[in-house]
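Encoded as structure tokens, the structure appears first; notes follow it.
The values are calculated or read from the model by the stated rules, or taken from the named source; none is laboratory data. Because the structure is predicted, anything quoted here is derived from the model rather than measured. Every residue, glycine among them, receives a Cβ derived from its backbone with ideal geometry; neighbour counts consider all protein chains shown.
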Amino acid sequence: MTELQKYITSYFGITNENMDQITSLFTESELKKGEYFTKTGQYCQKLSFVRSGFIRIFANANDKEVTQWISTKGYFITDLYSFSFKQRARWNIQALTDCELYTINKENYALLNSVVPNWAEMEKQFIAGCFVQLEERVFSHLSLSAEERYNQLFENNKALFNQVPLQYLASMLGMSPETFSRIRNKKIS
């Protein structure tokens, strides 16, 4: 069973009968370090499941890059605004390492409604789960100190600290690289 199949089974409860039909709509793809999945202003016509690697989602604001998220193995990536509403992408999505993906294009994604009888309800639950995760991130940014946010990320995603440039992690946590370094040095000593 592939990582994609394991995720679909655990998250959506899809039966084996539908699994082959669903996974046949995805193709295996690679994104080399530095390559873009999509760029701000383009139309994003695909959704991918990260099999391996690290992918940064970021935007340029006020002459600086702001990292919204670092996606790792086991997460989906897309510019949801562009993918869902046929608008130009708001985010740049770029590989930080060589990545392996399972990708579904917009046309095949639309076929999920006919392949999985209750897909609309499952999709609604998936999007609700994503929204809850977003709410938790917003709440932590509003209620936790910089050090508490650092600790939370470190406890949940230790691999990021060895694989991703630290300025991206600082940006994702809403702090300056100097604050991030100060907290990190305090933890190390």
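The table for this structure:
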item: Selected residue (only one of Ala128, Ala170 is within 30 Å of Thr27 (Cβ to Cβ) and either touching a residue at least 40 places away in the same chain (Cβ under 8 Å) or assigned to a helix (DSSP H, G or I) (or both)); result: Ala128
item: Filtered residues of the range 139-154 (kept if modelled with pLDDT of 95 or more and surrounded by fewer than 14 Cβ atoms within 10 Å (Cβ to Cβ)); result: Phe139, Leu142, Ser143, Ser145, Glu148
item: Selection status of Gln94, more than 24 Å from Lys6 (Cβ to Cβ) and touching a residue at least 60 places away in the same chain (Cβ under 8 Å); result: yes
item: Candidates Leu160, Leu101, Leu169, Leu173 - the one that is modelled with pLDDT under 95, closer than 22 Å to Phe58 by Cα and under 16 Å from the mean Cα position of the chain (by Cα); result: Leu160
item: Qualifying residue in the range 37-44 (condition: more than 16 Å from Phe83 (Cβ to Cβ) and charged (D, E, K, R)); result: no
